[in-house]
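Enquirer: The structure is given below, and queries will be raised subsequently.
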Amino acid sequence: MLSITSDSRNGRSSRLCDGITRRDLLRIGSLSVGGLSLPGLLRAEQAAGIRSSHKSVIMIYMCGAPAHQDMYDMKMDAPAEIRGEFRPIKIFRSLHGSPNGSHDSFICYTGRSFMNQPSGGWPSIGSVASRVLGPAGRGMPPFVGLAPDAGHPPYGSPGHPGFLGVAHAAFRPSGPASGDIVLKDLSADRLSDRRQLLGKLDGLRRDLDAHRMLEGIDDLEAAAFDILTSSRLAKALDISEEPARVRERYGKGDTKRFGDGAPRNLEHFLMARRLVEAGCRVVTLNFGRWDFHSDTFNGMKNTHLPQFDQGLSALIEDLHERGLDKDVAVIAWGEFGRTPKINKDAGRDHWPAVGGGLLACGGFRNGQVIGATDKHAAAITDRPVHFSEVLAALYRHLGIDPVTTQFPDHSGRPQYLLEHTDPLPELV
């Protein structure tokens, strides 16, 4: 239940009656309609072509940056200290844009550098979808982050709302409020009574908004009640409803955190499919820890590549079999590539000059290689692809115009979504 008991004048913290903090309420309440009126929302969906079948994006962040030359851009004719042990496939081979080789998921979610941000910070693609398009239906958040906390915080980020505000943050089912997305033994009538009580506390909530943290609280409250009174989200998260053969295809993986990275939880791939099928617009998930500065090939062969291949291939096959391959785009990438030369510890270090990624489904022209690097996978020789160009294509897929869409940051200055706003022509 949602009853605020804090007093902003004496500095006491705010908690709900069940012991949930105000911060957790904001996490539950990050499911707003994006500030649009109902007619505006319907017009936005109609313009996006998603009134009958909404478009979605599943973004898989590969924490710590996988080695591009060991996954996407093998150099079979290079010397042994560069070549590695694996064989090539088709995908992006010329991604660039990481500012300095620091570990951060930020560029994957925003297409922007985390340096020199505007007031409030750049928003992630999921937060933009929440703001522009809103929920596709009652009780289903537009943006879900299947990103458990990680030892290195950016590895556990689902993508931040930036200057769009907390109302458009990701709903995180693995967070502290995960048990409160269903009513349990609380009747709808009793919940309605408590909602009336909440209405009397509007003034208090606005007094608490000295730092803009509670901006949009009315939207948060309304969306939270939608979730509590609807089984739609809870059912989407319950993979036990899937046939055994489907669950076996995806596998379980490992739910324990890998080092300071993320788990290798294959059930999150299945959960992501269920979420977009139920109406979620953007789902982000994080996977593993690919920062192998030592023992690269054993680490990738024994802990990461087989499980990643199983989960990703199951997801792509499942989307095709269920007729969702045109509506759901899947992107998998990390923040940069790895050094061409294998170091003395049999590992690869950070290499922001070039990286790789994989894009599937979404109605794009798949099955092609975009970009090329030199013989050592050290420098781009053909068709540099910036992260923001890929994000622009994903925005266009969602029905959001990356060229014209802009929002004010916290200083009131209008900001466009991306630096490079033209979607990759190779994909359309």
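The values are calculated or read from the model by the stated rules, or taken from the named source; none is laboratory data. All of these numbers come straight from a predicted model, not from anything done at the bench. Cβ placement follows ideal geometry from the backbone for every residue including glycine, while neighbour counts extend to all protein chains displayed.
Enquirer: So how many residues does the stretch 240-272 have that are among the acidic types (Asp, Glu) and in a helix (DSSP H, G or I)? Break it down stepwise before answering.
Expert: The initial filter retains those residues of the stretch 240-272 that are among the acidic types (Asp, Glu), namely 241-242, 248, 254, 260, 267.
Narrowing the set further to residues that are in a helix (DSSP H, G or I) leaves 241, 248, 267.
Number of matching residues: 3.
Enquirer: Within the stretch 286-304, does at least one residue satisfy the condition of being assigned to a strand (DSSP E or B) and either farther than 16 Å from Val144 by Cβ or in contact with a Gly (Cβ under 8 Å, 6 or more places away or on another chain) (or both)? Steps first, answer last, please.
Expert: First pass over the stretch 286-304, keeping only residues assigned to a strand (DSSP E or B): 286-287.
From what's left, either farther than 16 Å from Val144 by Cβ or in contact with a Gly (Cβ under 8 Å, 6 or more places away or on another chain) (or both): 286-287.
The answer is yes, given that some residue of the stretch 286-304 is assigned to a strand (DSSP E or B) and either farther than 16 Å from Val144 by Cβ or in contact with a Gly (Cβ under 8 Å, 6 or more places away or on another chain) (or both).
Enquirer: Anything in the stretch 394-408 that is without any contact (Cβ under 8 Å) to a residue 40 or more places away in the chain and either part of a loop (DSSP other than H, G, I, E, B) or crowded, with 17+ Cβ neighbours inside 10 Å (or both)? List them, or say none.
Expert: Narrowing the stretch 394-408 to residues without any contact (Cβ under 8 Å) to a residue 40 or more places away in the chain: 396, 401-404, 406.
Listed by number, the residues that qualify are Arg396, Asp401, Pro402, Val403, Thr404.
Enquirer: Restricting the search to the stretch 359-384, which residues are in a loop (DSSP other than H, G, I, E, B) and within 25 Å of the chain's Cα centre (by Cα)?
Expert: To start, the set of residues in the stretch 359-384 that are in a loop (DSSP other than H, G, I, E, B) comprises 362-369, 371, 374-379, 383-384.
Matches in the stretch 359-384: Gly362, Gly363, Phe364, Arg365, Asn366, Gly367, Gln368, Val369, Gly371, Pro384.
Enquirer: Any residue at all in the stretch 369-376 that is among the acidic types (Asp, Glu), over 24 Å from Lys55 (Cα atoms) and touching a residue at least 40 places away in the same chain (Cβ under 8 Å)? Outline the logic, then answer.
Expert: Filtering the stretch 369-376 down to residues among the acidic types (Asp, Glu) leaves 374.
Within this subset, residues satisfying the condition of being over 24 Å from Lys55 (Cα atoms) are 374.
Subsequent filtering for residues that are touching a residue at least 40 places away in the same chain (Cβ under 8 Å) retains none.
Checking the stretch 369-376: not a single residue is among the acidic types (Asp, Glu), over 24 Å from Lys55 (Cα atoms) and touching a residue at least 40 places away in the same chain (Cβ under 8 Å).
Enquirer: Something else about it: When you check Thr303 against the structure, is it modelled with pLDDT under 95, touching a strand residue (DSSP E or B) at 6+ places or on another chain (Cβ under 9 Å) and under 20 Å from Phe269 (Cβ atoms), yes or no? Let's see the steps before the verdict.
Expert: Working: modelled with pLDDT under 95: yes; touching a strand residue (DSSP E or B) at 6+ places or on another chain (Cβ under 9 Å): yes; under 20 Å from Phe269 (Cβ atoms): yes.
Yes; evaluated as a whole, the condition is true for this residue.
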